[in-house]
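Step one of this worksheet: look at the structure below.
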Amino acid sequence: MIRFILRRLLQVIPVFLGTTLLVYFMVFALPGDPIRALFGDRPPSEAVIAALRRQYNLDQPFWVQYGLFLKNLFTFNLGVDFTGQPIAATLGRVFPVTVMLALEALVIQAVFGIGFGLIAGLRKGRIFDSTVLLASLVVIAIPIFVLGFVLQLVFGVYLGWAKPTVGTDVSWGTLLLPAFALALVSFAYVLRLTRASVIENSTADYVRTATAKGLSRPRVVMAHILRNSMIPVVTYLGASLGGLMGGAIVTEGIFNVPGVGQKLYQAILRSEGPTVVAIVSVLVLVFVVANLLVDLLYAWLDPRIRYEK
Amino acid sequence: MKSNQDTTHFVAPIEETPLLATDAVKMDQAPLSLWADAWKKLRRRPLFIVSAVMILVILVVAFFPGLFTQTAPNDNCQLANSDGAPSPGHPFGFTFQGCDVYARVIYGTQASVMVGVFAVIGVLLVGVTLGALAGFYGGWIDAVIARLGDIFFALPLVLGALVVTQLPFFRENRSVWTVIMIIVLLAWPQMARLTRGAVIEVRNADFITAARSLGVSRIQTLLRHVLPNALAPIIVLATMELGVFIVLEATLSFLGIGLPGSIMSWGNDISAAQSSIRTNPAVLLYPAAALSITVLSFIMLGDALRDALDPKSRQR
Amino acid sequence: MTTSDVRINEAGTEANRPLLEIRDLAITFNTSNGEMNAVRNAHLTIMPGETVAIVGESGSGKSTTALAAIGLLPSNGRVSGGQILLEGEDISHAPEKRMIELRGNTIGMVPQDPMSNLNPVWKIGYQVKETLRANGRPGGPDDIAKVLSEAGLPDAHRRAKQYPHEFSGGMRQRALIAIGLSCQPRLLIADEPTSALDVTVQRQILDHLEGMTSELGTAVLLITHDLGLAAERADKVVVMYRGQVVESGPSLELLQNPQHPYTKRLVESAPSLASRRIQVAKEQGVEATDLLAPASEEAAADNVLQIQDLRKVYKLRQGFGKSSDFAAVDGVSFDVKRGTTTAIVGESGSGKSTVAKMVLQLEKPTEGRILFDGVDTSVLKPAELFKFRRRVQPIFQDPYGSLDPMYNIFRTIEEPLRTHKVGNKASREKKVRELLDQVALPQSTMQRYPNELSGGQRQRVAIARALALDPEVIICDEAVSALDVLVQAQVLNLLADLQSNLGLTYLFITHDLAVVRQIADHVCVMEKGRLVETGTTDEVFESPQQDYTKALLNAIPGAKLMLPPQVA
C-alpha cells in the first residue's frame, strides 16, 4: 500500500509540473509584453504594473521565472489584483465558501446518483429504469447556467422556498439551491455509471455464487453488487471535481455566492489576466491533489490495484 | 447392490431426439456485417429515430435559417418593442433590445452547430491519431503521448479555456474558429485515451497476430484491422462530445469569453438575457430550450449508438 | 464415488427415497427472438450420497438443468413444466425465501471458473465467513480456518486473510469447494469444477472433492463436457443433447454399451477414450527415429524445422526500476520432420506457446537458433521474412478471436493472397472457393461474417486462411482446445486429411495429452520452460521415462477405464 502511494505521488509530480508549466508558458512566454497584453485595452495604474513585474520576475530568464512562479504558488504568494489587493488574502476569504459549495454538491450527486442508479440497475428494463434513464439524458443536455436560472426562478422567485441569491449570508442552508444546480450536471453521469456497473456486476459469476451460498438478497446487493460497483463510480466522482470547479464559476455568478468562482468570473469580466492565472493555478493544484486522494480511495476499494507490480 | 431405479438404463426414443449433423452452417438468414447488424438494431429504437429526425431538422435550420423566418434577426430591432410580448409573426416575443426572439433563436443555431461539428472533427483528428499511435506502437511513443495527455487532462475544461482565452492571440481574434481551436486544444486527451484503450484491446486479439504472421505490415495492420475494430466507442464518444462541446461553447459565451457579441449565438443571447430574467424570463428560456434540445439530440443519438454497437449485445 | 460399494446401505431404509428427483423438467428462456426451450423432458434421480454426472456439449442444457435445481436460473429463464423434487418437496416454483433457506445448508454449489467466482474485493476468509453466518453457523477465525484446511488449503489462518488475486487457480478452486461444502449440504452441484485448471491440478482437486463428499455422505450432481471424467467420477451418467436427456444409466454400462446414436458418437469421439492416432494415408511411413540423436547431414535435409538451444528471457518489472529475469523457455532443442506432426505438450506456464511465437517469428529468441529448411531464421532480411511467412502459417486457439469480426469470410481468406499479391481478383476468388471446399464449408459461407458462424466453423475458416498460401508448416496453437468434443474430432480429422493430401508439417501446441495421442507422431513434453521428454507418440504414451510425463498421463480423465475394443 505504501509502495502504491509512493508510486502515485511520483506520477503526480510530473503532471503537476507539466500543467503549471503549460499554464505559465501560455501566459508569460509568448512574445510581447505579457502584463500589458493581459489587461487588454484597459491598462491599470503604473504602480500595479510595477508590482506585477516584480511578482512575475519578468526580467529573469524563463526557467527562473517559472521556478519563482512555482515557489510563489506553493507559498501562496500570489501577487496583487487590479486594485492592488493581495490575491492570497482574497482567496483565503472566498475559498472556504467554494469548498462548502463543492462538498455539498458532491454529497448531493453521490447520494442521489448512486441511489437512483442502484435502483434503476436492479430494475433494468422496467418503467422506473427507462424513466430515470431518459430523465438523466435531459439533465445532461441542459447546460448548468440554464439549470441554475431555472432553479433560481422556480424555487427562489416563484415558490419562494429558498433565497434566490446567497450574498453575504453563507451557510449550508443558503448554499443548498446553488449546490443542487451544481450537482445536477454530474449527477446524471454518476447515475448512469452506477446503473451500468450495477447491471454488469449483477450478472457476475461471484454474485451468483454469493446467492448460491445462501445469502439473503439485501446482503448480496449490498456486499457484492453495490460494493463492487462503487469502484468506477468513486473514480468518476474524483474526476467530476474538475467539472464542479468549472461549474462553480457559473453557479456562483448566478446565485451571487461569494466564492472563488465568482471572484474568477469578476476577474474575467474586468479583464484581469494575472488574477485569472493565479486563481486557475491554485485550482489546478487542488484538482491534482484531489485526484491523488481519489486514487488512494480507489486503491482502498479495489485490493487488486494495491498489489499491482 | 444398487436399487432398481439406480440401474435403469434409459434411452430416449430416437424419433423424439433426432441427431443433427455436427456443426452445420446455418443458412436461414442473410449475411450480416457488424455495421448492418447495428443498423438493424438502430432502426427499431425510438430513441434513435427521434434523435436522428431532430438532428436533421437542426442541421437544416443551421444551414438554411431563412426558410424558417422572414424576420431578419438584427434589422428590425426597435426599442419600442423592448421586452415585448409575443405577437402575430413574433411568436416568442422581443428581447430587451427589441429584437425578435424567434428569429434570433433560428439564426443562433448555425454558430452552435458549427462549433460542435468542427470541434469534434478536430478532436477526432488529433485524439484518434495520437491515441492510435500510442496504443498500437507502445514504448516511448506511448509514454510521451500519455504524459502529454495527463497534463492536459489535469486542466479542467472550463478552467483551461479561461486561461487560454486570456492569451493576446485569442483575445484579439475572437471568432468561431478560435473557440473551436480552444476546445480541440483542451479536449483531445479524452478522445486519445479512449482510442488508446480500444486499440490496445484490439491489438492483443489473435486476428492481429494472424495478420502479422501473414506478412501484413504494421501500418496496414493498424489501418485495416485495428482501427476499424476500435471504431465503435470512438463514434459513440464523438457523438456525445458534439453535444458537450455545444454546451461548452455556450458556457464560454455566457461567461463573455466565447464567441464575440457580434456573432449571433444562443450562449450570447442567454448571457444578454440575464439582466431581464425576473421581468421577462421567456427571452432566456427560448434560446436555452433550443440549446438543450440540440444537445439532447446528440446525446440521445450517442446513447442509442452505444447500445447498438455494444459488442456484448451482439449475437455470437 | 468411483466404485459403487463406497456408499452401500449408508442411508439404510431411506436409500430408496431419492434425494433429488427431476421429472419432465422444461425450462424456457425469453430471448429477443421469442421464447426458446432450453430444456425439455429432462429427468434424473440422485440417491443420497450418490454421484450423478450430466454430460453434454455447450448449449445442451446441462448447466441450466443444474441451476434450476438450486433456483439460480438467469432472470429471463423460468421452469415452464415438470417438477424438481428435493426429498419429495417440489422446489421448482418455491418462493425465494425457501430457496435462501435451502441454499448453502441443503444444496451447495461449486461453480465453474475459479477466476470469476470469488469476489475480488473481499478476503477469502470473509467470503467463507458470510457463508457460515448466513446459514446460522459459527464464523470465528478458527471455524473459517477449519473449513479452508479441510478443502486442502495449507496454512489456512494466513490464507484466510488474503485476497483472491493472491491465490493460484487451483487454490481458488479449493476455496470455492470449501465454501460449497462449508455448511455440509446434502447435495452438491459441481458445475465443471475443474475445466479451467491444468490436468494434474484437476486430478488432485477432483480426488480431494471425492474424498470430502464421500466422508460427509454428500450427493454430487457433476456437470461436465468430458465423458471420460464423468465415467471415472460418477455412479450414473446422464447424457443431454439439445435440451433433452437422450440416455442415462450406470456409468460403465453406458460407456461400454451406448444405445442412443448421440451417445455412440460421443463415445467414439471422446479424445480421452480413443487411444490411437487418426489413421490416414500415413503408410508411407515415417520411422520412429530417435529425435535426440545428433542430426546427420542427410537427416537434416528431412528436418523442416530445427530448434537449437532455444531460450527466451523476459524481464519482470518489480517496481522502482528493479527487474528480475524469467526464463519462459530455457534450452529447448528438437527437430520437426517434414510431413509429420510434432506436438508440444505442457501445462500453463510451460513455455509451449512462447516456442510457437518464436517459430512464427513473432518474438525474438534471447539465445539459440531456429533453422527453417536449414536456414537460420534470425538473420532473415525483411523481404526474406516476408517470403518465410508464406511458408509457415499459424492457427490459434480462440475461434472467437482469431478472425477479424469486420471482415467477411471471403476477405478473411483472401487477405493472405492479396497481401502477397498472388493472382488477380478472379483467380483469388477461385482459390477461396477451393479452400472452402477443402475445409468442408459451403461456398456460400463466403459472404458471412465470423459472428454468424460457430466455433468449429470459424476454426475451419482459420485453417482455410492458413492454407491459402500453400504453406509447408502449420503451427497449431491450442487449435482445437476451445471446441466441443464432436466438433473437435471433426476438426482433428480435417487436419489429418489435409496433412495426408497436401504433405503438411504440423507443430501442434496443446495442453491436452488425449488430443496429442490422436494427431501426433512425435511428442515434446515441456515443464516450466524446459523440455523434459521427447519421443515418438507411442514411446511417450506407452513407456514414459520421466515422472512428470507419467503424472500428466495419469491425469487424463478416464484413461484407465476399460473399454471394449471396437470403441478404442
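The values are calculated or read from the model by the stated rules, or taken from the named source; none is laboratory data. Please read all numbers here as calculations on a predicted model, not as lab measurements. With ideal geometry, Cβ positions are generated from the backbone for all residues, glycine too; neighbour counts draw on all protein chains shown.
Inspect the stretch C:426-436 for any residue being within 13 Å of chain B (Cβ to nearest Cβ), assigned to a helix (DSSP H, G or I) and more than 27 Å from C:Glu367 (Cα to Cα) and give the result as yes or no. Yes, there is a match, as at least one residue in the stretch C:426-436 is within 13 Å of chain B (Cβ to nearest Cβ), assigned to a helix (DSSP H, G or I) and more than 27 Å from C:Glu367 (Cα to Cα). Pairs linking a residue in the stretch A:3-27 that is in contact (Cβ under 8 Å) with a residue 24 or more places away in the chain and at the interface with chain B (Cβ under 10 Å from one of its Cβ atoms) to a residue that is polar (S, T, N, Q) and not in a helix (DSSP H, G or I), with Cβ atoms under 9 Å and 6 or more positions apart or on different chains, are A:Val27/B:Gln166.
Residues that are surrounded by fewer than 17 Cβ atoms within 10 Å (Cβ to Cβ) and within 7 Å of another protein chain (Cβ to nearest Cβ) were ranked within the stretch A:269-306; the one that is modelled with the lowest pLDDT is A:Leu269.
The single residue among B:Ser275, B:Ser262 that is more than 9 Å from chain A (Cβ to nearest Cβ), in contact (Cβ under 8 Å) with a residue 24 or more places away in the chain and over 18 Å from the mean Cα position of the chain (by Cα) turns out to be B:Ser275.
Among the conditions (1) touching a Cys at 6+ places or on another chain (Cβ under 9 Å); (2) among the β-branched types (Val, Ile, Thr); (3) at the interface with chain B (Cβ under 7 Å from one of its Cβ atoms), C:Ile395 misses just one, which is (3).
Could you tell me whether C:Arg390 is touching a residue at least 60 places away in the same chain (Cβ under 8 Å), within 12 Å of chain B (Cβ to nearest Cβ) and surrounded by fewer than 21 Cβ atoms within 10 Å (Cβ to Cβ)? If you could, list the steps in order and put the result at the bottom.
Numbers: touching a residue at least 60 places away in the same chain (Cβ under 8 Å): yes; within 12 Å of chain B (Cβ to nearest Cβ): yes; surrounded by fewer than 21 Cβ atoms within 10 Å (Cβ to Cβ): yes.
Criteria met by C:Arg390.
Here B:Gly215 fulfils each of the conditions (1) more than 12 Å from chain A (Cβ to nearest Cβ); (2) at negative phi; (3) of a type outside the set (A, V, I, L, M) apart from (2).
Taking the criterion of being in a strand (DSSP E or B), within 22 Å of C:Ala328 (Cβ to Cβ) and within 24 Å of the chain's Cα centre (by Cα), would at least one residue in the stretch C:382-397 satisfy it? There is at least one residue in the stretch C:382-397 that is in a strand (DSSP E or B), within 22 Å of C:Ala328 (Cβ to Cβ) and within 24 Å of the chain's Cα centre (by Cα). Would the stretch C:338-347 turn up any residue that is surrounded by fewer than 24 Cβ atoms within 10 Å (Cβ to Cβ), without any contact (Cβ under 8 Å) to a residue 60 or more places away in the chain and of a type outside the set (Lys, Arg)? Checked against the condition, which is being surrounded by fewer than 24 Cβ atoms within 10 Å (Cβ to Cβ), without any contact (Cβ under 8 Å) to a residue 60 or more places away in the chain and of a type outside the set (Lys, Arg), the stretch C:338-347 yields no hits at all. Does B:Ile58 satisfy the criteria of being out of contact with any Cys (no Cβ under 8 Å at 6 or more places or on another chain), at pLDDT 90 or above, surrounded by 14 or more Cβ atoms within 10 Å (Cβ to Cβ) and within 25 Å of B:Pro260 (Cβ to Cβ)? Yes: the conditions hold for B:Ile58.
Listed here are the residues, each with its yes/no results for (1) acidic (Asp, Glu); (2) surrounded by fewer than 21 Cβ atoms within 10 Å (Cβ to Cβ); (3) within 30 Å of A:Tyr265 (Cβ to Cβ).
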| position | (1), (2), (3) |
| --- | --- |
| A:Val185 | no, no, yes |
| A:Asp205 | yes, yes, no |
| A:Leu226 | no, yes, no |
| A:Thr235 | no, yes, yes |
| A:Ile249 | no, no, yes |
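Screening the stretch C:1-35 for residues that are modelled with pLDDT of 50 or more and among the hydroxyl-bearing types (Ser, Thr, Tyr) and picking the one that is farthest from the chain's Cα centre (by Cα) gives C:Ser32. Contact annotation: residue pairs with Cβ atoms under 6 Å, 6 or more positions apart or on different chains, pairing a residue in the stretch C:236-253 that is within 9 Å of another protein chain (Cβ to nearest Cβ) and of a type in the set (Gly, Ala, Ser) with a partner that is surrounded by fewer than 24 Cβ atoms within 10 Å (Cβ to Cβ) and part of a loop (DSSP other than H, G, I, E, B), are C:Gly249/B:His9.
Residues that are closer than 23 Å to C:Leu20 by Cα, touching a residue at least 12 places away in the same chain (Cβ under 8 Å) and not hydroxyl-bearing (Ser, Thr, Tyr) do not occur anywhere in the stretch C:147-155. Every condition in (1) within 14 Å of chain B (Cβ to nearest Cβ); (2) touching a residue at least 60 places away in the same chain (Cβ under 8 Å) holds for C:Lys352 except the one numbered (1).
Which residue is surrounded by the most Cβ atoms within 10 Å (Cβ to Cβ), if the candidates are limited to the stretch B:244-287 and must be among the small types (Gly, Ala, Ser) and outside any helix (DSSP H, G or I)?
In the first step, residues of the stretch B:244-287 are kept if they are among the small types (Gly, Ala, Ser); the result is B:250, B:253, B:256, B:258, B:261-262, B:265, B:267, B:271-273, B:275-276, B:282.
Okay, now just the ones that are also outside any helix (DSSP H, G or I), so B:256, B:258, B:261-262, B:265.
Values: B:Gly256: 17, B:Gly258: 28, B:Gly261: 13, B:Ser262: 9, B:Ser265: 30.
Only one residue tops the list, namely B:Ser265.
Out of the residues in the stretch C:196-230 meeting the condition of being of a type in the set (Gly, Ala, Ser) and more than 23 Å from C:Asn41 (Cα to Cα), tell me which one is modelled with the lowest pLDDT. It would help to see each step written out before you state the result.
As a first pass, look at the stretch C:196-230 and keep what is of a type in the set (Gly, Ala, Ser): C:196, C:211, C:214, C:217, C:219, C:228, C:230.
Filter again for more than 23 Å from C:Asn41 (Cα to Cα), leaving C:196, C:211, C:214, C:217, C:228.
Details: C:Ala196: 75, C:Gly211: 90, C:Ser214: 89, C:Gly217: 89, C:Gly228: 83.
Among them, the one singled out is C:Ala196.
Looking across the stretch A:112-163 at every residue that is aromatic (Phe, Trp, Tyr) and in contact (Cβ under 8 Å) with a residue 40 or more places away in the chain, the one that is nearest to A:Val234 (Cα to Cα) is identified as A:Phe112.
Does A:Gly125 satisfy being part of a loop (DSSP other than H, G, I, E, B), within 14 Å of chain C (Cβ to nearest Cβ), modelled with pLDDT under 90 and within 30 Å of C:Met109 (Cα to Cα)?
Working: part of a loop (DSSP other than H, G, I, E, B): yes; within 14 Å of chain C (Cβ to nearest Cβ): yes; modelled with pLDDT under 90: yes; within 30 Å of C:Met109 (Cα to Cα): yes.
Yes: the conditions hold for A:Gly125.
How about the stretch C:515-530: which of its residues are of a type outside the set (Asp, Glu), touching a strand residue (DSSP E or B) at 6+ places or on another chain (Cβ under 7 Å) and under 29 Å from C:Leu494 (Cβ atoms)?
Selection gives C:Val516, C:Ile519, C:Ala520, C:His522, C:Val523, C:Cys524, C:Val525, C:Met526.
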